[in-house]
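Quick notes on the structure that follows.
Read the figures in this text as sums done on the coordinates, not as results from a lab. Please read these numbers as outputs of a predicted model, since none were measured by experiment. A quick note on method: Cβ atoms are made from the backbone with ideal geometry, for glycine too, and the neighbour counts reach across all protein chains shown.
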Amino acid sequence: MPNLKHWKESFSTNSRIIWMSFSGKTGIILLILFLVMAGYVVAFYYPTITTEYAQGVTALWPYKYPVNAPPCWSVSNKFNQRIDIRYGDLNKTGIEKTLITVQGLFGPIKIEGYKTEYFYKFKYKSNAFPSDVLVSTAVRVGENVSFIKLYYTLDRPDGSRITFYDSTLQTGKITALYGAIERKGNNISVLPLGLTYISQSNRIYSFLMRSLQKLYANTSIIVNPIIDNELLFAKVVNGSKGETLVPLKGDYTINITAVFLPEKGVSPTSNRGSVNLTSFEWKFMPNCYGLFGTDNQARPIGLGLLLGVPFAFVIGFTVTFVSTFVGAIYGTLAGFWKDIRGEALMRVADIVNSLPFLPILIVLSYIFRQSITLMVLAGLMILLFWAGPVIVIRSAALQISEQLYVEAARASGAGASRIIFRHIFPQVLPYTIAIAVLSIPGIIVTEAGLALLGFGDPTAPTWGKMLQNAYNSQAILNGWWWTYLFPGLALVVFSATFLLLGRAIEPIVAPKLQK
Amino acid sequence: MSLINIGFPDSNVSIIRVWFYIVKLKIWYTQVFCSGSLAGGMVFALPLLEIKGLKTYFYTLRGIVKAVDNVSLTLEKGETLGIVGESGCGKSTLAWSIIGLVPPPGKIVSGSIMIDGMDITRMSEGEIREKIRWKKVSMIFQGAMNALNPVYKIREQVAEPMLLAGYSEEKAFKRVDELLNSVGLTPAIADRYPHELSGGMKQRVVIAMALTLEPDIVIADEPTTALDVVVQSQILNLLKELQRKKKRSIIIISHDLGAVTELAEKIAVMYAGKIVEFGTAEQIFNNPLHPYTQALIRAIPRLTGPVTKLEYIPGAPPDLRFPPPGCRFAPRCNRVMDICHKEEPPLKELEKGHYAACHLYD
Amino acid sequence: MRWLVIKAVNLLIVLVAVTFIVAAMTSGPMAQIQINQYKQALQQQVKNQLGLTPQERMEWVNERLQTYIESQGLNKPWYILSLKYTIDLLKFTDLNSTTLTSMYWHQGSRKVLYIIGERIPFSILLFTTSSILTLLFALPLALYAARSPGGRVDNTVITWSVFGVSMPWWWLAMVFIYLFAYKWHIFAGPGAQTDWTNIVDVLRRMALPVITVTILSIGDSAFRMRNILLDTFNEDFVTVARAKGVPEHDVLMKHVLRAAAPPIVTIVLFSLVLSVVNGAIITELVFNWFGMGRLYWDAIESNDVPVLVELTYITTLLYLLTRFALDILYTYLDPRVKRA
């Protein structure tokens, strides 16, 4: 029986041999790298951020990151300006008296009213357009305001003006002119929303559309129903390719002016009789992000790659180690029993082995699709993959069980379980490890495939799910290559790590190749 | 080595005898009066195979394995040489070196192998193939089970070297039948596949295959190892017959000293890549000088004589990557002295034609 | 003949086992779908029954539905139902597809076997073409690699196989579609208009999938072949052949290749078949190829359980038959296996 010293010695020589081959060295370095990443994710991101990432749709991602931004190294013309105008940045004039023209019964009447104005001036310096401008604007009109008119405009350096709003508002409540409304109990907050895919039912749509159409009236630029934020900051240039849009640099002024009339006896400065801007933000999003870009839900691809590591480990390790361990014990038994029992075991393993894996896996996942989690997936895969190593393990066990010391142990009256677990199984173990390591890539790739078909754990941000998201958002057609290139590469590197390691281990456990 | 022997075509036996004695006299004369210097007239008396200072090393991942380390040997025409040693002592590597087929991580590092006046260490692969393999040297391989290609019929495999040598198919196939007959098989076997034959039959086929081109030297590498005892003796008898009738030089390689002494006239005992004792079969068997040889002989079970306890050699052969300094057998030797661990003993002639490398006889 | 019978029996056992598993898993939804289909048919019929009040109409339908359920045994426990569906599948009893049909063609239902039948040729066309191409490229590569292990060709083959195995095929498909179809416009992409009855159109559409699948499978096939060849190179009979003075070229062609042929043909062809069964589904989906793999996706998307079940049955059947054929091929290549 090999003693501890022998084990230690063989471990040190074997690890030296693994390290000596190129594939072993690469494999070990990559494995350590991946383990560090997995540890980092488990320590700092699990479970809140991983779940948030996997579930995607929330206004938080687009607020933090640009949508569909390519990696920065691939963009030559970067929007490199930081413009984030918050409520506190706005200049505010006090409440001033002004004359209001009101349509009376017999023609216009001039009444003395009040006016309050918010404005901000910023310089647009970049040569590129932002990927989007996130805007939130909400106004509260007091209950006792009898007349209100709000002007919301953007003055451009060329003197033209874009109007976002030019109308009255409901009194006695907060109106979100633009933004995503989020209710948390009684608190209502308005989060910034991108201007790019502004919906036609939105308050500002018609105003914006009208002023943009006026702005580009004499050009060949067609203002689409889907308004692109580029149009706000663009000028038309006649180039070789016809008329194109380039950024119009210079000073822009955002102006929000409320003209209002409180009811008699109500002070224009009181809460009930005045008009106040309650939330405001203009945030220019860059047109590229990081090394890896972002996807269509503004999730950074790089973060996804990192978050996917522990889940790849979990699925790969659970499935391979459980199924190879089961297969190893099964194969050892099949090799140990040289009678009808062993034959029967082999028959069953043969049947499982000749199943076409993926079709059956798909049917099974389809049936369990409502309650699919990573562990359910792992269980399904184990059900199909356990028989894989049985044939190899059995022949190894057969060879070992015919060796003299096993015969001797048998002759000296050792029980079957003792022979199996003391003599045969420890010898079979190295094969088992090699087989397990070599089968990890297949598992990872299978999981990704199932994820693409929609059978993924909804709370696990696996690389397969990132690919599914890319596929479903038609990333290929839209040219968002970064959304599927990097997750795929991560998959390839991860599975290649184990393939390389397995191939470095193989010559040690299979003495036949050593010759 | 000292005794130079010349074989002649076996057609005319009486003439051979006469020639034989004339030559022997001449040799004796040269040795006595010319004190070893070869006269011009002695060129024709070159040995059939002469190995000088051969070193064959394997460059493995775990280190350099010195499988054959500084081995010198001579084989005359018609002589049978036995090479004996434990497994892993470099016997098979020596055989591969002779036929120019050292498997990949291995290389002939230095030394020369002269076959019929041609140094194969200086020949290209193509030249060795054209001139040496199967024409001068053929081989009966260890593990006859795998020496035959499973997908070809026996006839195709035995006839292959002849077809390559330019025989017509008809002639070659006829010769296959003859050869099979001569090794005691029915020619009907020629149309079978290897897996349809028993181990003994396969070994006979392999022997027949080795004889196709009438080579000068036949190397038999463990010809009886994987066979059961009855078949073993059959094969040994066949080899004896071959030796007697065809007067071919045979190198028989085995770990079984008993089997080798039955066949070989001379025996070289190898240990850890080196020859430790060399002499005639009688000398080796009756008067073993090296402690290793003595131990080997004591380990042979005897049927006659008083019942003694069977002995074995304690320890295992050294790791050929890091051979011990001094005598390589020293760690296992029962008569070890201080000098054995320091100095490597040279091969010395202790009796006439009996060499040993041991400090006991300094 | 004995081994042939054993193999055939084995095939049948696996087929029955797979069918039963699939039928057991899906018996509930299958029965529900069958009932719904009949109910819809009855509701169509009841419109012709004039002079009935809505109450009477409902009774009319329910009465007949109940009889139908009883006669078909659809209210039996799951194991009986599973057995019924297993036998149905094994007998190729035709199932009906409603949801998938309405998604693609028109209201009503079509025979599942007909739907599968019109897709099979496209799958076979795509994957046999790429298998043949793979073998043509991989064998010379493997020979070169095995001749000098550790050499440049060998390292290329090893690296290639590492990528071929560790890469999801459909991912490379996505990258290739972007590059070759959308960016450089060399081949027809998955969105191209294709008349599936026009052979020229189909071939044009086939180029990109075939190239992708071939490139990916060459690496692994060549690596497997190389390993088999290397093992054969280490066999004693190859050394014997060299010792016999056989020129290196003949050693390679006559001894090594011939002796390695049985495992090469079976293992490599088998791994190709396996990859077809396993890889086709998603690769076809990404390429939008009108084959069986794509049908899986369509069935899942439209929740068409009968199609899914029948498709799995047919895939299993084809896969097992191919394995069986390969077994027979092996025995003809290797004289060691008795042919009696």
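When the protein assembly as shown is described by a simple charge dipole with +1 on each Lys and Arg Cβ and -1 on each Asp and Glu Cβ, the residue from A:LEU193, C:ALA260, C:PHE270 located farthest towards its positive end is A:LEU193. A cut-off under 10 angstrom between Cβ atoms defines the neighbours of A:LYS97, and their net charge, with Lys, Arg +1 and Asp, Glu -1, is -1. Averaging the sequence gap over all C-alpha pairs within less than 8 Å and six or more residues apart, then dividing by the number of residues, gives the stretch A:76-285 a relative contact order of 34 percent. Contact order, relative form, for the stretch C:2-90: 50 percent (alpha carbon pairs under 8 Å, 6 or more residues apart, mean separation divided by residue count). Using a cutoff of 8 angstrom between alpha carbon atoms and counting only pairs six or more residues apart, the relative contact order for chain A works out to 21 percent. Note on chain A: the alpha carbon radius of gyration divided by the globular reference 2.2 N^0.38 Å gives 1.44. Applying the Karplus relation 6.51 cos²θ - 1.76 cosθ + 1.60 with θ = phi - 60° to the stretch C:235-247 yields 3J(HN,Hα) values of 5, 4, 5, 6, 4, 4, 4, 5, 4, 6, x, 6, x Hz, where x marks Gly and Pro.
For the stretch B:340-349, putting each phi into the Karplus relation 6.51 cos²θ - 1.76 cosθ + 1.60 with θ = phi - 60° gives couplings of 4, 7, 9, 10, 7, x, x, 7, 10, 7 Hz, in residue order, rounded to whole numbers and with x for Gly and Pro.
Highest mobility in the GNM of chain C, judged by mean-square fluctuation with C-alpha springs under 10 Å and restricted to C:GLY191, C:GLY219, C:GLY245, is found for C:GLY245.
In the structure displayed, which of B:LYS266/B:LYS348; A:LYS149/A:LYS184; A:LYS123/A:LYS241; A:LYS121/A:LYS249; B:LYS91/B:LYS266; B:LYS131/B:LYS171 lie more than 23 Å apart, Cα to Cα? Check vs 23 Å cut-off fails for A:LYS149/A:LYS184; A:LYS123/A:LYS241. Charges were assigned to the Cβ only: +1 to each Lys and Arg, -1 to each Asp and Glu. The resulting dipole of the stretch C:118-333 about its Cα centre is roughly 660 debye.
Pairs to check: B:LYS247/B:LYS274; B:LYS135/B:LYS247; B:LYS52/B:LYS274; B:LYS153/B:LYS174. Give those whose C-alpha atoms are more than 18 Å from each other in this structure. Don't jump to the answer; show the numbers that get you there.
Working: B:LYS247/B:LYS274 28 Å; B:LYS135/B:LYS247 16 Å; B:LYS52/B:LYS274 12 Å; B:LYS153/B:LYS174 15 Å.
Correct reply: B:LYS247/B:LYS274.
For the stretch B:251-356, taking the reciprocal of the average inverse distance between every pair of different Cα atoms yields a Kirkwood hydrodynamic radius of 14.7 Å.
Can you give the Rg/Rh ratio of the stretch A:51-201, where Rg is from the C-alpha atoms and Rh is the Kirkwood radius? Let's see the in-between values first.
Numbers: Rg = 19.5 Å, Rh = 18.9 Å.
So for the stretch A:51-201, dividing Rg by the Kirkwood Rh gives 1.03.
Principal semi-axes of the equivalent ellipsoid, √(5λ) from the alpha carbon gyration tensor of the stretch A:76-285, are 33, 20, 16 Å from largest down. Peptide B:191-198 has a mean of 2 when you count, residue by residue, the C-beta atoms of other protein chains within 10 Å of its C-beta. Dividing the C-alpha radius of gyration of the stretch C:2-90 by 2.2 N^0.38 Å, with N its residue count, gives 1.57. Leaving out same-chain residues fewer than 8 places away, which aspartates and glutamates sit with a Cα under 18 Å from that of A:LYS92? Correct list for A:LYS92: A:ASP84, A:GLU117, A:ASP155, A:GLU281. Stokes-Einstein diffusion for the stretch A:381-438, with the hydrodynamic radius set to the Kirkwood value over Cα pairs and evaluated at 25 °C in a medium of 0.890 mPa s, equals 199 µm²/s. Computed over the stretch B:47-104, the alpha-carbon pair-distance distribution with 10 angstrom bins reads 20, 54, 22, 4, 0, each value a whole percent. Here the convex hull built on the C-alpha positions of the stretch C:166-277 has a volume of 144 cubic angstrom per residue.
How shielded is B:150-157 by partner chains, expressed as the average number of their Cβ atoms within 10 Å of its Cβ atoms? Display every interim value, and only then the final one.
On the way: counts 8, 12, 6, 1, 0, 0, 1, 5.
Across B:150-157, the average partner-chain Cβ count within 10 Å equals 4.
Could you give the size of the charge dipole of the stretch C:2-90 about its Cα centre, using +1 on the Cβ of each K and R and -1 on the Cβ of each D and E, expressed in debye and rounded to the nearest 20? Please report the intermediate quantities before stating the final value.
Numbers: 8 positive and 5 negative charges, 76 e Å.
With Lys and Arg at +1 and Asp and Glu at -1, about 360 debye.
Under the convention that each Lys and Arg Cβ holds +1 and each Asp and Glu Cβ holds -1, the size of the dipole of the protein assembly as shown around its Cα centre is about 1120 debye. Rounded to the nearest 10 degrees, the inclination of helix C:292-301 to the longest alpha-carbon principal axis of chain C is 40 degrees. Give me a comma-separated list of calculated 3J(HN,Hα) values for the stretch A:356-365, in order, Karplus coefficients 6.51, -1.76, 1.60 applied at θ = phi - 60°, integers in Hz, x for any Gly or Pro. Computed from phi, the couplings for the stretch A:356-365 are x, 4, 5, x, 5, 4, 5, 4, 4, 4 Hz.
One equal scatterer on each Cα of the protein assembly as shown, no solvent, Debye formula: the resulting log10 I(q)/I(0) at q = 0.04, 0.06, 0.08 Å⁻¹ is -0.39, -0.73, -1.05. Once Rg and the Kirkwood radius are both taken over the C-alpha atoms of chain C, their ratio Rg/Rh works out to 1.10.
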